[in-house]
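A.B. asks: If you scroll down you'll find the structure; I have some questions about it.
The values are calculated or read from the model by the stated rules, or taken from the named source; none is laboratory data. The shown structure was predicted, so the numbers you read here are calculated from the model rather than taken from an experiment. Quick reminder, even Gly has a Cβ in these numbers, built from the backbone with ideal geometry, and neighbours come from all protein chains shown.
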C-alpha cells in the first residue's frame, strides 16, 4: 500500500514538473524568443505593417480602406469620394453580410458562381459606374478599358491594392477633382507602383492608402 502511494506521488510530482517546465518553455521562453526575433528583424510586419502619415498611424498596408462621402439622408450605401483614388469593391460576404465596405468583423468572398445573375449585375453596374465616374472633359473611359479588379472584390474583400491599369484610368478624374496637372498624378501612380515580388511572383500593384497619402501631400504642395 505504501509503495503504491509512493509511486503515485512520484508520478504526480514528475507530471507536475513536466507541466511546469513545458509551461515555462512553450508559454514564456518560446513566445518571448519569437517576439524578440520578429521585433528585431521584421519590426514593421510584426506590428501590423502600419502606415503612418502626419505623425500618426492611419492604417495598414495589408488592409484596404474605403474613401466615401458621408451618408445622405435615406442612403444605405455611401457615394465614393471621387477626389481620392478608389480601391476594389468591398462586397465582403455579400449583401447579407455584416462585413461590407471594409468593416473588419468578417472577411471572405461572396462565393457566387461566375454566371450567377446577381454577380453579373454587380459587375455590369460597377463597370458603368467606373466609366461614368472616371470620364471627364477631354478623357473618356471605355468599357474595354475597365480592368477586372475595378469591378470585382478580392477573396477576402479587404484587398489594399489595385492594378496599375485601374489606377491609370482614375488619373484624369483625380487631376480634375484636385486641380492638379495630369502629368503630376500620372507620375505619382508610377512612383507608387510596386513590381512583381522577386521579379516574377504576382502582378504589379498599387497600394491605395499609400497612393492617397502621396496624393494628399501633392495637393498640399500645389
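A.B. asks: When segment 105-123 is examined, which residues are found to be surrounded by 12 or more Cβ atoms within 10 Å (Cβ to Cβ) and either modelled with pLDDT under 75 or touching a strand residue (DSSP E or B) at 6+ places or on another chain (Cβ under 9 Å) (or both)?
C.D. replies: 106, 107, 108, 109, 110, listed by residue number.
A.B. asks: Give segment 144-159 a look and list any residue that's surrounded by 13 or more Cβ atoms within 10 Å (Cβ to Cβ) and assigned to a loop (DSSP other than H, G, I, E, B), or say none.
C.D. replies: Correct list: 146, 147, 151, 152, 153, 154, 156, 157, 158, 159.
A.B. asks: Do you know which residues across segment 193-210 are under 9 Å from residue 164 (Cβ atoms) and surrounded by 14 or more Cβ atoms within 10 Å (Cβ to Cβ)?
C.D. replies: If the condition is that a residue be under 9 Å from residue 164 (Cβ atoms) and surrounded by 14 or more Cβ atoms within 10 Å (Cβ to Cβ), then 193, 205, 206 are the ones that fit.
A.B. asks: Could you count how many residues in segment 124-134 are surrounded by fewer than 19 Cβ atoms within 10 Å (Cβ to Cβ) and either touching a strand residue (DSSP E or B) at 6+ places or on another chain (Cβ under 8 Å) or in contact (Cβ under 8 Å) with a residue 24 or more places away in the chain (or both)?
C.D. replies: Looking only at that region, the number is 3.
A.B. asks: Of the residues 141, 58, 131, only one is more than 21 Å from residue 218 (Cα to Cα), modelled with pLDDT of 85 or more and not in a loop (DSSP other than H, G, I, E, B); which?
C.D. replies: Within the list 141, 58, 131, the selection yields 131.
A.B. asks: For a quick check of your reading: which helices (runs of 4 or more DSSP H) sit entirely within segment 1-47 and have at least 2 residues that are under 30 Å from residue 62 (Cα atoms)?
C.D. replies: Fully inside segment 1-47 and qualifying: 30-41, 43-46.
A.B. asks: Determine whether residue 24 is over 29 Å from residue 155 (Cα atoms), surrounded by 11 or more Cβ atoms within 10 Å (Cβ to Cβ), outside the structural domain of residue 153 (by TED's automatic domain parsing) and out of contact with any strand residue (DSSP E or B) (no Cβ under 6 Å at 6 or more places or on another chain).
C.D. replies: Yes.
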